[in-house]
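Asker: Below is a structure I'd like to ask you about.
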Amino acid sequence: MSDDKPRASRTTDAFFGRRKGKTLRPKQAAALDRARRGHLIDLSEPAPADLRDLFSVPVEAVRLEIGFGGGERLHYESGRFAQIGFIGVEPFVNGFAKMAMALDAEDRPNLRLYDDDATWLLDWLPDDSLAGIDLLYPDPWPKKRHWKRRFVNDANLDRFARVLKPGRVFRFASDIDTYVNWTLQHCRRHDAFEWRADGPQHWRTPYDGWPGTRYEAKAIREGRPPAYLTFERI
């Protein structure tokens, strides 16, 4: 997908900031091109009725991660669960390029990628097609005037509810307490989601098999303990 293509004003650039950072080195640019050719989802084609058909290898179910950053966790997770198909979304070119380099070193046939607005992908997906959605350390847009740009909102929770299979979960992690509270408020008032937590230890404990991230380690060093929220699609 070309970085120069026109972008609709509906939501693009609403939920994420800059799209490019430093100029990519030639090796990164080449890896990025290979990853796009081999893993990128083309929304101009109709979504398959069975989302598992997106993958070149047999998978049992499909999970989505929105905003995978540099891709360290998603690359690890897709290797850990080779029987699961993963879709990762990351509009930031430099983050996408890091994932591309990881795929050059160790490919993941059970991984597909998308490099633009996640709402477009969500609207493309079939009903009840996902076994899980992860939104991990999203941009918190901390200034009150920017809160409308937070990805968690009523419209996007409606999107999650449509594509997420009943009984499966939406996971949200953040070290920003105002965004944690914001997410709790939005999800608890939405009739399709129920917060799964037995007490403080539940949301203070990382998810099973969680490898951690560099951003998370920095937040902990700086005294911002993360919260790990889990909401079931009911």
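Asker: Looking at 80, 108, 36, 63 in this structure, which one is of a type outside the set (Ser, Thr, Tyr) and more than 24 Å from residue 173 (Cβ to Cβ)?
Answerer: Only one candidate passes the filter, namely 36.
Asker: For region 174-191: of the residues being in a loop (DSSP other than H, G, I, E, B) and among the charged types (D, E, K, R), which is least open to solvent (accessible area, probe 1.4 Å)?
Answerer: Among residues in region 174-191 that are in a loop (DSSP other than H, G, I, E, B) and among the charged types (D, E, K, R), the one least open to solvent (accessible area, probe 1.4 Å) is 175.
Asker: Within region 93-115, track down each residue that is buried (at least 20 other Cβ atoms within 10 Å of the Cβ) and assigned to a loop (DSSP other than H, G, I, E, B).
Answerer: Hits for region 93-115 are 108, 110, 115.
Asker: Tell me, please, whether a residue that is assigned to a helix (DSSP H, G or I) and under 21 Å from residue 219 (Cα atoms) can be found in region 128-141.
Answerer: no
Asker: Does residue 194 meet the test of being more than 18 Å from the chain's Cα centre (by Cα) and either buried (at least 20 other Cβ atoms within 10 Å of the Cβ) or within 26 Å of residue 225 (Cβ to Cβ) (or both)? Explain how you work it out, then say what you get.
Answerer: Values: more than 18 Å from the chain's Cα centre (by Cα): yes; either buried (at least 20 other Cβ atoms within 10 Å of the Cβ) or within 26 Å of residue 225 (Cβ to Cβ) (or both): yes.
Here the answer is yes, as residue 194 does meet what is asked.
Asker: Something else now. Every residue in region 24-68 that is out of contact with any helix residue (DSSP H, G or I) (no Cβ under 9 Å at 6 or more places or on another chain) and among the β-branched types (Val, Ile, Thr), please.
Answerer: 57
Asker: Shifting gears a bit: Only residues that are open to solvent by 30 Å² or more (accessible area, probe 1.4 Å) and of a type outside the set (Phe, Trp, Tyr): list them for region 119-152, please.
Answerer: Across region 119-152, the qualifying residues are 123, 127, 128, 139, 142, 143, 144, 145, 146, 148, 149.
Asker: Which condition number does residue 78 fail, the rest of (1) touching a His at 6+ places or on another chain (Cβ under 9 Å); (2) in a helix (DSSP H, G or I) being met?
Answerer: Of everything listed in (1) touching a His at 6+ places or on another chain (Cβ under 9 Å); (2) in a helix (DSSP H, G or I), residue 78 misses just condition (1).
Asker: Out of the residues in region 82-92 meeting the condition of being under 13 Å from residue 132 (Cα atoms) and out of contact with any helix residue (DSSP H, G or I) (no Cβ under 7 Å at 6 or more places or on another chain), tell me which one is surrounded by the fewest Cβ atoms within 10 Å (Cβ to Cβ).
Answerer: 84
The values are calculated or read from the model by the stated rules, or taken from the named source; none is laboratory data. Remember, predicted model here, so these are calculated numbers, not experimental data. Please note: Cβ atoms are built from the backbone with ideal geometry, for glycine as well, and neighbour counts cover all protein chains shown. What goes into the accessible areas is simple: the full protein's heavy atoms, side chains included, and nothing from ligands, DNA or RNA. Shrake-Rupley method; radii C 1.70, N 1.55, O 1.52, S 1.80 Å.
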